[in-house]
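Read through the structure below, which is laid out as structure tokens, and then see the notes.
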Amino acid sequence: RRLNARWDRRIIAEIRAIVRTDESASKRVQDLSEYVRKEGLPVPENPEPLPPIDSDDIRLVCWMAVEPTAPTAPEEAELAERARSRL
């Protein structure tokens, strides 16, 4: 079976129960390894590496615009008070 294939609900439930316990990480790994061996689940194949990229492959990394929110009534009153006090 493939790693992303649909597994039986029983298998999913058992794996979730193993990884969500309060046991130490090494104990959870040991329990998971034993369960995988007991069920005969296949080892996933290593994925093919992606080809290298260069700067010509990058079009846009990130773009974001930020706008201030409109002031609330109490904030508007405070701003007006500050403006009057400066006069």
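At a glance:
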read-out	value
Carbon and sulfur %, accessible surface of the chain computed with the full protein complex present, 1.4 Å	55 percent
Calculated [θ] (222 nm, deg cm²/dmol) that DSSP helices of n ≥ 4 give over the chain, each run adding -39,500 (n - 2.57)	-14500 deg cm²/dmol
Rounded D (µm²/s) - the chain, Kirkwood Rh over Cα pairs, Stokes-Einstein at 37 °C, 0.692 mPa s	165 µm²/s
Residue-normalised accessible area of the chain, expressed per residue, 1.4 Å probe, Å²	100 Å²
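The values are calculated or read from the model by the stated rules, or taken from the named source; none is laboratory data. Keep in mind that this is a model prediction, so the values were computed, not measured. Surface accessibility is based on the protein's heavy atoms, side chains included, excluding ligands, DNA and RNA. Shrake-Rupley method; radii C 1.70, N 1.55, O 1.52, S 1.80 Å.
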